[in-house]
Amino acid sequence: MPPGQIQNLIDNLDIRLVFTAHPTEIVRHTIRDKQRRMAKILRQLDQAEESLRAIGLSTSWEIEALQDQLN
């Protein structure tokens, strides 16, 4: 192919960048959301357990509900 024809093809190229979400990125967002939710529940569970220890109890409906959410 002659160099002039190659240059003509290059000059007429129409290149456009397209940004799309890769399927693995969607999964990552889902996993991160679940991890954040679990971290929040674990913090709540720690606070509830500390409060119960302060008054001498070992379990409550609140702790059981939080444990159920984790499961």
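Modelled spin labels at Gln69 and Arg32, positioned 7 Å past Cα toward Cβ, are 2.2 nm from each other. In the chain, the calculated helix contribution to ellipticity at 222 nm averages -24500 deg cm²/dmol per residue, counting -39,500 (n - 2.57) for every DSSP H run with n ≥ 4. Between Ala21 and Ile6, the modelled label-to-label distance comes to 4.2 nm, taking each label 7 Å out from Cα in the direction of the beta carbon. Phi angles across the range 60-71 convert, under the Karplus curve 6.51 cos²θ - 1.76 cosθ + 1.60 with θ = phi - 60°, into 3J(HN,Hα) values of 7, 5, 5, 5, 4, 5, 5, 5, 4, 4, 5, 5 Hz, Gly and Pro given as x. Derived scalar couplings between HN and Hα for the range 33-45 equal 4, 5, 5, 4, 4, 5, 4, 5, 5, 5, 5, 4, 5 Hz in order, rounded to whole Hz, by the Karplus curve 6.51 cos²θ - 1.76 cosθ + 1.60 (θ = phi - 60°), x for Gly and Pro. The rule of thumb for compact globular proteins, 2.2 N^0.38 Å, goes into the C-alpha radius of gyration of the chain 2.54 times.
Bear in mind these aren't lab numbers, they're just calculated from the coordinates by the rules spelled out. Predicted model only: the values in this text are computed from it and were never measured. All Cβ positions, glycine included, derive from the backbone under ideal geometry; neighbour counts span all protein chains shown.
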